[in-house]
Every structure is written in C-alpha cells, then in structure tokens.
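The values are calculated or read from the model by the stated rules, or taken from the named source; none is laboratory data. Bear in mind the structure is a predicted one, so any value in this text is a computation, not a measurement. We place every Cβ from the backbone using ideal geometry, glycine too, and count neighbours over all the protein chains shown.
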Amino acid sequence: MSWVIVALLGGIVGLDATSVAQIMISRPLVVGTLAGFLLGVPVQGALLGALFEIFHLSILPIGAARYPEAGTATVAATAALSAAPAATHGSAGLLLALVFALGWERVAGMSVSLFRRNVERVLFAPERRPAHRELVRRHVIALSLDALRGVIVCLVGAGAGTLLLRAAAPFWGVEAVVTLGALAIASTIVLAGALTIFGGWTTQYRVFLLGALCGTLLLVLR
Amino acid sequence: MFLRSFVIQASFNYRTLIGTGFAFVLLPALVRIFAGRPHALADAVHRHEQIFNSHPYLAGVALGAVARLEAEGATPGTVEKFKTAVRGSLGTLGDVLFWAGWRPFCALAALLLYFEGAPIWIPVVCFLLLFNTGHLLARAWSFRVGLRYGTGVAERLRRARLQDLQRFIAGAGAFMIGLLLPLSVGQYTQGMTRALPWLLAIAAAAAIGLRFGAAARTPVALALAAFAVVALLWGWLS
C-alpha cells in the first residue's frame, strides 16, 4: 500500500464530498474502483465500492444533517484490503473490509461535524484586513482544512483497517459461499430498502414490479 | 462567479450554513458594483455572509438574481427579503432532484452495468458522465435563470416543471431497483448447483428491504458485523 496515494485520495475525496465541485468522485463505486486500481487491487476495490455504493444509496446529505461519509471510508477500506495478505483478498477480506467501512464512515462523518464546528472559529474571528480580502482568505483556509481532514481520516482509517484485516482475516472460519451469501443477503435488503428514496412501495410498486419483471426476463433469457 | 460556485460549500458551518460561501461567490460582482466605495463594499460583503442555504447546484438562481438586484441598486432590505424567500425552496428542490433523485438513479445505472459484467472502468465512467451532465447543466441553467429573471425566478422555476422532472426520475429509479434486484441475484447464484435455498433467502431479503425501507440499513450493517464476529470466533475455536 502506498501511503502517499492514500493521502492524496483522502484529500481529493474529502474535498469532493462537500467543499469542491461535488462531481461525485467521492462516491464509493468511483473511488473504490480508482483506489483499487492505484493500490493494486482493482477487482476487489471495484466490488467493495459497488457493495458500499448500495449501502449509500439512501444516505442523503440534506441541509445541516449529520451523515456518515462514504468517500474517505471507501479509500480507507480499499487501502486496508490492499495491505492485507493476498490470501485474504477473497470473500472474507471483502466482508471484513465492508464491515470496517460501515464503521469508519461514522468516524468520518463525525470528523465532518467537528470540522464544520471548528471552521466557525476561522470564519468569525475578528477581521484584520478589508472585508473582501478577509472573506477570500477565510474561505480558502476552510477549504484547506477540509482537505487536511480528508487526508487524516483516510490515513488513520487505512492504518486501523489494515490492522483489523491482517489480524482477523486468517481466523475466518466460514466457507466462501456462505460469506458471499451473507453479503448478497445484506446488499439485497439494503438495495430493496432504497426504494424509499424514490417514494417507497406504496407510490412506486407498479414501476418497481415492472422493473423486477424485466430483470427476471433478462435473467431467464440469458 | 460560475467557477467560484464550485467551491460555495467550502466554508459550510452550522451558524451561517453556506452564507460565507455565498458571499465568496458573489464577490466579483460586488467588487465591480461597489468599485471605489470600500465602505459600501465591506457592508455588502458582511450582509451577504449572513445565514443562507441552498442546494449547491441551484445556488446560481439566488446568486444570479442577487447580483442583478445589487447592480440595479436594490435596497439591502429588498435583497435580504428575496434571499430569505428563496433559500428554503432552493435547498428542498435541489435535495429532492439531485440527492434523492438524479444521483441514486445514476448510481443504479452504473451498478446495473457493473453487475452485468462490464469492465470495471465502464460503470465508473458512465456514472460520472451521466451524473455530471445533469449536474453541470443545472449549474449553468440556474445562473442563467437567476441573472435573467431576478426576483421573477419563482415564476420561472414553476414554469420549468421541475416537480414533473423529479417524479419522472423517481419512477425511473424505482424501475432500476426492480431491474437490478433479480440481475444481482443472478450474478451471485451463477454456476451454483444448489442455488434454491439461496434464491429463497435472497427473495426473503428483498421482501424485508421493501417492508422496512431505508431504516433497514443500520440493522443490516450491525448484522454483518455480528456475522463477522461469529465467523472469526468459529475459525478461532475450531
């Protein structure tokens, strides 16, 4: 694992999540694939990203709500997967990395709240320059602090995740088919549950069932 | 202003929300309008740093309209009234259109490509291209509408039929979830000799998800963690 790559990705996804552009490179599917490619585990990174993306479909960053942060957690978990021994890159490593990401997203989310509270100290300090110059200076400082936050969250997360996977993965005592089954069941529940964001079963059941019928037909005809 | 709008949320805080960012984006217009009047410029900057919120992609509506109002010499009271009137609706509209509509729809389309076996870079590229086409169009459109219509933006937003667009995206998203569920199950059970128990379990899982909705997320995450603990204990003890 390259700590430099992890730090760089951390800064970028930390910024993309809220502060800069929001072009969605911080989405799990995108950054999981990218991080996996850069860290030498492209297939695992993409799969982890896809599964974590399903878990983040229904997370809505609305207003001043506190929410778990996906991008930095994905980078940390993918980095941990890349640093674990190759033998643990299978289903066990994937499930452990996903569980770690689901925990680390909360830590990352707390870092966002902490950052937003502390940025007030910068923004509302007494002015020493003309207002328009002070405005630019403070806005840029806030942006820089958010990038730093992303770097720290990713580096610490990558370290913690690596320790977890290296320590735990060798003890995995369940068959791969059962592990993958657990992942399939979990992701199916969450994917089906994401119907809520489009209005839920009561409003969308016709369209949903039409989609399910088309999907089943495609499957049967393959 | 358009380029600056990409960093409008950099100084998001719980006191003024995107107020500081709003002033930052508006600054080039304020500097031009209040050229040669440093006290008026400082007053304008302080006025616009106050509490404001909007979806980042639609903030251009307010920014464009306010820039026009300031250029026309509107009183601070008029500008403030306008900002207060639009901030709630621009936030809600954007959240519903993008965070609860366009983004998950694009993600589902990308996941569909992924689970159908496309090379791993294709879902990523498709997602980014699809999502950001809508994103950038929205940003550009919102500035155009704000600058052109000023305080008349409310009527323009109504005529844009954005709620119809939101309903369409929601329907498309629900269709995608329905489409994706059997296809992702098919991926998992491909090549299995005894797939029926797993198919039944996954069908039950889909029913549970439909029943409990987004509230199932946290219990599922905890259940996965519990499964991991049991699997590790099993391996350690055997």
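Could you figure out which of (1) within 10 Å of chain B (Cβ to nearest Cβ); (2) at pLDDT below 95 isn't true of A:Trp3?
Of (1) within 10 Å of chain B (Cβ to nearest Cβ); (2) at pLDDT below 95, only one is false for A:Trp3: (1).
Which residue out of B:Phe6, B:Phe82, B:Phe98 is more than 7 Å from chain A (Cβ to nearest Cβ), assigned to a helix (DSSP H, G or I) and under 18 Å from the mean Cα position of the chain (by Cα)?
B:Phe98
Please work out if A:Ala83 is under 21 Å from A:Leu165 (Cα atoms) and either modelled with pLDDT under 95 or charged (D, E, K, R) (or both). Spell out the reasoning first.
Working: under 21 Å from A:Leu165 (Cα atoms): yes; either modelled with pLDDT under 95 or charged (D, E, K, R) (or both): yes.
For A:Ala83, the condition - under 21 Å from A:Leu165 (Cα atoms) and either modelled with pLDDT under 95 or charged (D, E, K, R) (or both) - is met.
Among the numbered criteria (1) over 26 Å from A:Arg117 (Cβ atoms); (2) in a loop (DSSP other than H, G, I, E, B), which single criterion is violated by B:Pro56?
(1)
B:Ala225: surrounded by 13 or more Cβ atoms within 10 Å (Cβ to Cβ) and facing chain A (nearest Cβ under 7 Å), yes or no?
Numbers: surrounded by 13 or more Cβ atoms within 10 Å (Cβ to Cβ): yes; facing chain A (nearest Cβ under 7 Å): yes.
In short, yes.
Would you mind finding the one in B:Leu128, B:Leu108, B:Leu93, B:Leu179 that is in contact with a helix residue (DSSP H, G or I) (Cβ under 7 Å, 6 or more places away or on another chain), buried (at least 19 other Cβ atoms within 10 Å of the Cβ), more than 26 Å from A:Leu47 (Cα to Cα) and aliphatic (A, V, I, L, M)?
B:Leu93
Identify, please: which residue in the range A:31-69 is surrounded by fewer than 24 Cβ atoms within 10 Å (Cβ to Cβ) and of a type in the set (Phe, Trp, Tyr) and is, among those, modelled with the lowest pLDDT?
Going through the qualifying residues, I end up with A:Tyr67.
I'd like to verify a number: residues in the range A:36-89 that are small (Gly, Ala, Ser) and in contact with a Ser or Thr (Cβ under 8 Å, 6 or more places away or on another chain), how many?
Here is the first cut: in the range A:36-89, the residues small (Gly, Ala, Ser) are A:36, A:40, A:45-46, A:49-50, A:58, A:63-65, A:70-71, A:73, A:76-77, A:79-80, A:82-84, A:86-87.
Right, trim to in contact with a Ser or Thr (Cβ under 8 Å, 6 or more places away or on another chain) and you get A:36, A:40, A:45-46, A:49, A:58, A:70-71, A:79-80, A:83-84.
The total comes to 12.
Of the residues B:Phe22, B:Phe105, which is more than 14 Å from the chain's Cα centre (by Cα), assigned by TED's automatic domain parsing to the domain that holds B:Tyr149 and in contact (Cβ under 8 Å) with a residue 24 or more places away in the chain?
B:Phe22
What pairs come out if I take residues in the range A:108-137 that are farther than 16 Å from B:His46 by Cβ and facing chain B (nearest Cβ under 9 Å) and pair them with residues that are hydroxyl-bearing (Ser, Thr, Tyr) and surrounded by 14 or more Cβ atoms within 10 Å (Cβ to Cβ) whose C-beta lies under 7 Å away, six or more apart or interchain?
A:Val119/B:Ser11
Hand me the list of helices (runs of 4 or more DSSP H) wholly inside the range A:1-102 holding 1 or more residues that are out of contact with any helix residue (DSSP H, G or I) (no Cβ under 6 Å at 6 or more places or on another chain). Give the steps one after another, and end with the answer.
Numbers: elements: A:3-14, A:28-39, A:42-55, A:70-83.
Answer list for the range A:1-102: A:3-14, A:28-39, A:42-55.
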